[in-house]
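The values are calculated or read from the model by the stated rules, or taken from the named source; none is laboratory data. For clarity, every value in this text was computed on a predicted model and none was experimentally measured. With ideal geometry, Cβ positions are generated from the backbone for all residues, glycine too; neighbour counts draw on all protein chains shown. What goes into the accessible areas is simple: the full protein's heavy atoms, side chains included, and nothing from ligands, DNA or RNA. Shrake-Rupley method; radii C 1.70, N 1.55, O 1.52, S 1.80 Å.
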Amino acid sequence: GRGTSASPEPPADVVVIGGGTAGLPLAIAAATRGLRVTVVEAAGAVGGTLFMSGGMMAAAGTRLQRRRGIEDSPERHHADVMRLSGNTADPAILRLSVREAAPTVDWLMDAG
């Protein structure tokens, strides 16, 4: 018939493929900027590789650590990872990772 029907959902501004450790922060960043976000995840739940790590993220020098009087730094984090990996980790990639880890954890905490 010619009756009115419910209008379809407006399209998403951003479609994120994968609800893991990269996709979810992207979705959060887009949503906090007012964009409509759709996350598409093939697994039965979101989380990606966090399932393999037990949901743990390592970071040194976060606000949470400072509030608890824990002295840590990206340099110490780098040294720990190199020691634990038997010096097999790529030092340049690791340096970038540990440098950005604390600001990422702080941002995630701010995002809830």
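The table for this structure:
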{"quantity": "Hits in segment 61-106 - residues which are assigned to a helix (DSSP H, G or I), among the basic types (K, R) and open to solvent by 100 Å² or more (accessible area, probe 1.4 Å)", "calculated": "R66, R67, R76, R83, R95, R99"}
{"quantity": "Of all residues in segment 33-60 being surrounded by 11 or more Cβ atoms within 10 Å (Cβ to Cβ) and among the hydroxyl-bearing types (S, T, Y), the one that is nearest to V81 (Cα to Cα)", "calculated": "S53"}
{"quantity": "Condition met for A29 (in a helix (DSSP H, G or I), modelled with pLDDT under 95, open to solvent by less than 60 Å² (accessible area, probe 1.4 Å) and at negative phi)", "calculated": "yes"}
